[in-house]
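The values are calculated or read from the model by the stated rules, or taken from the named source; none is laboratory data. Being a predicted model, the structure only gives us computed values, none of them experimental. Cβ placement follows ideal geometry from the backbone for every residue including glycine, while neighbour counts extend to all protein chains displayed.
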Amino acid sequence: MTTRRHHTLALAFLALALAAAAAPPQLAPLPQVTILATGGTIAGTAATSTATVGYTAATVGVAALIAAVPELAAVARVSGEQVFQIASENMTPAHWLILARRVDELLARDDVAGVVITHGTDTLEETAYFLDLVVKSAKPVVLVGAMRPSTAISADGPMNLYNAVALAASREAVGRGVMVCMNDRIDAARDVTKTNTVALDTFRSPELGILGVMEGGRPAFYRTAERAHTTATEFDVTNVKELPNVGVALAYAGSGRVAIDALVAAGVKGIVNAGVGDGSLSVEAKAALVEARKRGIVVVRASRIPGGAVARNGEANDDALDFVVADNLSPQKARILLALALTRTADTREIQRMFRRY
Ligand code: DGL
């Protein structure tokens, strides 16, 4: 090849290199986040813009929820699926199983970075904790709702949805378990609870506090959840057609044994007793629970008090009665863990271990 030709080729390569260097960097595509819509107030509508109660939940579809927040396009590539369209007081374990399967299917895809679930706030904490125990991926799963319907002045849904999608799209959210993102706060599924019937900042983790906050569409974390979750749990609902039936009995002055006997008659496999104080049992309630235990029903002593753990062998001799204590789980969350535990064992020592681990 002549020298002249060498020079021409060298100049051509140089020109290509300079052109490549001058071209804008190819930005990586935004993460793909799928929104699974289930209903609730975030999808609610009211007759007037000032109505924040007495509205109709679960009327706005997922496409409209996404269209109402065009800013989502700056943080993620978003797709939506309408899994249910219900007020969350109607959510059931059967819904949870459907949701869990769809979440696992989506997160198993390489192109999906995270999932957001829009949900009514009334039972949001229960769905979140169930998914925290069964989802088999480290990718972010974020539950979000609203306390004002979409038609309200200063509706909180759009900003809550934006933050939830931004959180689900963030690398920092990987491996932290299922989270609830409302009112700029990030809470762990296990610890969060609805604390106020109407306030925008209703979701709190009263004893253990938030995991972090959303600031300008970015998460700022301050702690991690200590208890095992998602890929670290022993619970797999892939082949579970129906969760074992577990009921909750609320104790109050004079409550006696009526609710407990009714649960036994209904054929439950487990009873969570939401006792007074440190899980204390009245004479009648204790007698009813002892009888239930003799029928093979697993009994968990929880408390109606929102803070603190129920001490084992404190207000009752759990060793002698063969009862389990709920640690610091609320009665409604203890019920979820007991139902999942019963998919694996009826051994109360094993179940007590699970209440210490999850
Ligand atoms: N019906 C309630 C529910 O769907 C409304 C509460 C809400 O979503 O904020 O949970």
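Answer yes or no as to whether Gly267 is at pLDDT 95 or above, touching a strand residue (DSSP E or B) at 6+ places or on another chain (Cβ under 8 Å) and at positive phi. Considered against the rule, which asks whether it is at pLDDT 95 or above, touching a strand residue (DSSP E or B) at 6+ places or on another chain (Cβ under 8 Å) and at positive phi, Gly267 comes out as no. One residue stands out in region 117-151 among those that are part of a loop (DSSP other than H, G, I, E, B), of a type in the set (A, V, I, L, M, F, W, C) and surrounded by 22 or more Cβ atoms within 10 Å (Cβ to Cβ): the one that is farthest from the ligand (Cβ to nearest atom), namely Val135.
Number of residues in region 188-204 that are assigned to a loop (DSSP other than H, G, I, E, B), in contact with a strand residue (DSSP E or B) (Cβ under 8 Å, 6 or more places away or on another chain) and buried (at least 20 other Cβ atoms within 10 Å of the Cβ) equals 2. Here Glu71 fulfils each of the conditions (1) part of a helix (DSSP H, G or I); (2) within 16 Å of the ligand (Cβ to nearest atom); (3) in contact with a helix residue (DSSP H, G or I) (Cβ under 6 Å, 6 or more places away or on another chain); (4) not aliphatic (A, V, I, L, M) apart from (2). Check region 40-52 and report whether any residue there is under 15 Å from the mean Cα position of the chain (by Cα) and over 24 Å from Leu340 (Cα atoms). Taking every residue of region 40-52 in turn, at least one turns out to be under 15 Å from the mean Cα position of the chain (by Cα) and over 24 Å from Leu340 (Cα atoms).
Could you tell me whether region 249-261 includes any residue that is under 21 Å from Arg353 (Cα atoms), crowded, with 21+ Cβ neighbours inside 10 Å and among the small types (Gly, Ala, Ser)?
No, region 249-261 has no match at all.
The single condition among (1) farther than 22 Å from Val237 by Cα; (2) among the hydrophobic types (A, V, I, L, M, F, W, C); (3) surrounded by 23 or more Cβ atoms within 10 Å (Cβ to Cβ) that Ala51 does not meet is (3).
Name the residue that is farthest from the ligand (Cβ to nearest atom), counting only residues in region 54-65 that are in a loop (DSSP other than H, G, I, E, B) and surrounded by fewer than 16 Cβ atoms within 10 Å (Cβ to Cβ).
Within region 54-65, the match that is farthest from the ligand (Cβ to nearest atom) is Gly61.
Screening region 251-281 for residues that are of a type in the set (A, V, I, L, M, F, W, C) and part of a loop (DSSP other than H, G, I, E, B) and picking the one that is farthest from Asp318 (Cα to Cα) gives Ala266.
Within region 34-41, is there a residue that is over 15 Å from Val142 (Cβ atoms), crowded, with 20+ Cβ neighbours inside 10 Å and in contact (Cβ under 8 Å) with a residue 60 or more places away in the chain? The answer is yes; a qualifying residue exists.
Restricting the first member to region 316-328 and to residues that are free of Cβ contacts under 8 Å to residues at least 60 places away in the same chain, and the second to residues that are buried (at least 21 other Cβ atoms within 10 Å of the Cβ) and among the hydroxyl-bearing types (Ser, Thr, Tyr), the beta-carbon pairs closer than 9 Å and six or more apart or on different chains are Ala326/Ser303; Asp327/Tyr358. Quick one: would you say Ser154 is of a type in the set (S, T, N, Q), within 30 Å of Leu27 (Cα to Cα) and either without any contact (Cβ under 8 Å) to a residue 12 or more places away in the chain or more than 15 Å from the ligand (Cβ to nearest atom) (or both)? Considered against the rule, which asks whether it is of a type in the set (S, T, N, Q), within 30 Å of Leu27 (Cα to Cα) and either without any contact (Cβ under 8 Å) to a residue 12 or more places away in the chain or more than 15 Å from the ligand (Cβ to nearest atom) (or both), Ser154 comes out as no. Being more than 18 Å from the chain's Cα centre (by Cα), in contact (Cβ under 8 Å) with a residue 60 or more places away in the chain and not in a loop (DSSP other than H, G, I, E, B) holds for only one residue in Val248, Val240, and it is Val248.
Say we look at region 339-358 and pick out the residues that are part of a helix (DSSP H, G or I) and aliphatic (A, V, I, L, M); which of these is surrounded by the most Cβ atoms within 10 Å (Cβ to Cβ)?
Among those residues, the one meeting the criterion is Ala341.
I want to confirm something. Restricting to region 83-116 and keeping residues that are within 16 Å of the ligand (Cβ to nearest atom), in contact (Cβ under 8 Å) with a residue 40 or more places away in the chain and more than 14 Å from the chain's Cα centre (by Cα), which single residue is nearest to Thr230 (Cα to Cα)? My answer is Val83.
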